[in-house]
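The values are calculated or read from the model by the stated rules, or taken from the named source; none is laboratory data. Owing to the predicted nature of the structure, the values given are computational and were not obtained by experimental measurement. A quick note on method: Cβ atoms are made from the backbone with ideal geometry, for glycine too, and the neighbour counts reach across all protein chains shown. The area values use the complete protein model at the heavy-atom level, side chains included, leaving out ligands, DNA and RNA. Shrake-Rupley method; radii C 1.70, N 1.55, O 1.52, S 1.80 Å.
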Amino acid sequence: QVQLVESGGELVEAGGSLRLSCAASGRTFSIVTLGWFRQAPGKEREIVATLRWSGSRTYYADSVKGRFIISRDNAKNTVYLQMNSLKPEDTAVYYCAATPRVYDLQYAGRYDYWGQGTQVSVAS
């Protein structure tokens, strides 16, 4: 099993920045890809970004490309999501997820492990 714990969500003004953290523990050797998803009220959970646990391959949703950066610190078993130029439409619960898979990573069903989520609210 892999345990994921997110932190860093809070209320911020539009145009501001936040950094989310996701600390992984347990059988982290089984992780190949980590992803950040988000879910706004009344909407489906959507992919934000993905990162290979080893290597540098990343993916960003078009809606966040150029504003968000996903990164990791392997020594700390932690993945980060730096969010810049935040917009009200970025308001959502953000979830960290992990999977041993490398394909079709934009789908939530491809992830085996999930954190509890952290709320990000962007005020206009």
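Here are the numbers for the structure shown:
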| quantity | calculated |
| --- | --- |
| Enumeration of residues in segment 27-52 that are farther than 17 Å from residue 95 by Cβ and in contact with a Leu (Cβ under 9 Å, 6 or more places away or on another chain) | 52 |
| Selection within segment 82-104 - open to solvent by less than 30 Å² (accessible area, probe 1.4 Å), under 16 Å from residue 2 (Cβ atoms) and not in a strand (DSSP E or B) | none |
| In segment 39-48, the residues that are surrounded by fewer than 21 Cβ atoms within 10 Å (Cβ to Cβ) and outside any loop (DSSP other than H, G, I, E, B) | 39, 46 |
| Unmet requirement for residue 119, which otherwise passes all of (1) touching a strand residue (DSSP E or B) at 6+ places or on another chain (Cβ under 7 Å); (2) open to solvent by 80 Å² or more (accessible area, probe 1.4 Å); (3) within 15 Å of residue 49 (Cα to Cα); (4) of a type outside the set (A, V, I, L, M) | (3) |
| Test for residue 76: is it of a type outside the set (Val, Ile, Thr), open to solvent by 30 Å² or more (accessible area, probe 1.4 Å) and over 18 Å from residue 5 (Cα atoms) | no |
| Only listed residue being in a loop (DSSP other than H, G, I, E, B) and without any contact (Cβ under 8 Å) to a residue 60 or more places away in the chain, chosen from 79, 64 | 64 |
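Here is a yes/no grid of residues against (1) of a type outside the set (Phe, Trp, Tyr); (2) open to solvent by less than 50 Å² (accessible area, probe 1.4 Å); (3) without any contact (Cβ under 8 Å) to a residue 60 or more places away in the chain:
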{"residue": "13", "(1), (2), (3)": "yes, no, no"}
{"residue": "30", "(1), (2), (3)": "yes, yes, no"}
{"residue": "37", "(1), (2), (3)": "no, yes, no"}
{"residue": "69", "(1), (2), (3)": "yes, no, yes"}
